[in-house]
Each structure stands twice: as C-alpha cells, then as structure tokens.
1. At what distance in nm do the modelled label points of Tyr58 and Lys211 sit from each other, each positioned 7 Å from its Cα along Cα→Cβ?
2. Taking K and R as +1 and D and E as -1, what net charge do the other residues with C-beta under 12 Å from the C-beta of Lys239 add up to?
3. How far apart, in nanometres, would the label points at Thr224 and Arg273 be if each is projected 7 angstrom from Cα along the Cα-to-Cβ direction?
4. What are the extents of the Cα atoms of the stretch 8-293 along their three principal axes, in Å, largest first?
5. Check cross-link reach from Lys297 to the aspartates and glutamates: straight Cα distance under 16 Å, and skip same-chain residues fewer than eight apart.
6. To the nearest 20 debye, what is the magnitude of the charge dipole of the stretch 8-293 about its Cα centre, counting +1 on the Cβ of each Lys and Arg and -1 on the Cβ of each Asp and Glu?
7. Quick one: helix 89-98 against the long Cα principal axis of the chain, what's the angle to the nearest 10°, folded into 0 to 90?
8. What is the helix-to-structure angle for 112-127, meaning the angle in degrees between its Cα long axis and the longest Cα principal axis of the chain, kept from 0 to 90 and rounded to the nearest 10?
Amino acid sequence: MEKPFIAGKRLVNAAFKQRFAIGAFNTVNLEVNQAIIETAKEENAPCWVQTSEKTISYAKIPNLVSMTRIIANENKIPVVLHLDHGHSVTQAKVCIDAGYSSVMIDTSLEEYETNLKLTRQVVTYARSRGVSVEAELGVLSRQSDMYTDPDQAVEFVEKTGIDYLAVAVGTKHGAFKLKGREKIDLKRLKTIHEKVPVPLVLHGASSVNPKTVKTANKYGAALTGLKGIPEETIRKAIKLGIAKINIDTDLRLAFTTGLRQFLAENPNEFGTREALLFAKEKVKEELRHKIKLFGMKNKAHNP
C-alpha cells in the first residue's frame, strides 16, 4: 500500500525545536523531483517537495501528486507535498483534495482583514483532513517593502490557527542584479520570533552559488552580478526562529547550467535523457549544499 504524504507541521515543528531549518524545495519536472527525494534519502534528511501555481499549470496536479508519491515510495521515505503560494482558497482546497499534505494560502496582497478571513477558511478546511497550513503576513516584492508587523503577526496567528508563518523581513523572490546583496532585518525577525509562538518561514532565500553562475556564464549565459542572501545571514536567521526556507531559484539555476554545460561539451549528442540526467546531478550537488547549510543532514523523520 502506498504511504500517504506526511503533514508539514511534523517536520517544521521538529526543526523549530532543534534549531535547524527544513529546506522546502520547489520541483518543476521529473528530474528535479527525483533529485530532491533521492538526495534527502542519501543525506538522511527530512524531505519537502513543493509546487508553485505556475508548476501546477505546467505539469497538472494529478501528475505531480502521482510522480511525487511514486518516487517517495521507491526511496522508502516519507515526504511532505506542499502548495507554494496558493493565491486562492479554491486552489488550496483543490490541492488538499488531491492529496497535498501542506498548503500555503498567500493572500498577503489583500487588506489585512481579508487576508485573515481567507486564511482562516483554508485552515478550517485543512484541519479535518490532517493538512498543515502556511500563510504570509507582509509582502515580499521587488517593487515595494511591506515588512511583517510583529504585533499584528501575533494576532494573525492567534485568529487564523496557522501552523507556520511566512514573514517579510527584507528578502525578495528570485535572484537579480543589485549593487549589494539583499539584507534581512534580523532585529525585526528576532522580535517576531519572541512574540509569535509558531515556526517562521523565509521566502526569497536563494543565495546564488557563485560557482554555478561562473559555469553558466562560461557556457553562454549572461548572469554576471546576480545576487542573493549571504549564507552567514541564513545561519543567523535559523537561530532566530526560521524553521522552513523556500528554495526555487538556486535549483533552477543549477538545472539550466547543467543543460548548458552538457550541450556545450557534447555538441554531437542529441539524446534528451543524457542531458537531463547531467542537469539532475547538478541539482543534487546544490541540494547537498543546502541540506548542510540548513543543518538538515541526518535529521530525517524525527518529528
């Protein structure tokens, strides 16, 4: 019999208590999905696979659920399957009904009361089904900064009953060219952690591996100046209550860099499997680095 996906709060709560962070890794296709689950097994680390709404539109929910379940069973490890940034109650409910074990309802762009109301609806629906819920307060945007208010966060968590809270403390989604690196407001994060009883989630946390960027540029990319979060800042954030860290950009960068390298070094090769497997190995290298950085190694299934 196939094992069900496990509730996200089991892994996040364990990380919160033990002061490490769960790497929540976004998948986009078979190879990335395999890389996430296989590397977790090899490193004896907790396993968290998540899909964005864009990935759902691209690959479709039944395929994502079936593929993740099959790979998890092949590797004999429990996995959290999570909806990342679901922007409607309907999307969250569809994923819950399809078998996801954790969902994020992100209505942070709405007015506070609306965000609270919609989040509470998802929590109510998820509770009876054993599904964990994440929500966001504040806005992570390249256009504007709306940092999470610590006192408002206390009320939001209490009134919604969410399991973990995504906070806006200075990060941005993606990787982009800046004169300096992004900065996290560690003082604000510390205050939120001291006031809010649930684990905190950090989005926009890609560190942008310089080696990967250098390799990508060597094989035709134009990524000079790409910046992310310094790894030392990530370590500090984990000590201040961050128990889940979302990673998408770094994996996509590793994958596409692998494709560039393979095709450049094998100009006569036209086999798709060979190119995709090479790219998959590059993703696994990045995953191993993140698992070590977040303190996940040898922390598997210990909720």
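1. With each label placed 7 Å out from Cα toward Cβ, I get 2.5 nm.
2. Working: positive: Arg19, Lys190, Arg235, Lys236; negative: Glu232.
Every neighbour counted, the sum reads +3.
3. Once both label points are built, they end up 4.0 nm from each other.
4. Principal-axis extents of the Cα atoms in the stretch 8-293, largest first: 60, 43, 33 Å.
5. Within reach: Glu38, Glu42, Glu43, Glu285, Glu286.
6. Working: 42 positive and 33 negative charges, 130 e Å.
Its charge dipole is roughly 620 debye.
7. 60
8. The answer is roughly 80 degrees.
A short reminder: the numbers here are calculations on the coordinates, not readings from a lab. All values derive from a computational prediction rather than experimental measurement. Neighbour counts run over all protein chains shown; Cβ positions are idealised from the backbone, glycine included.
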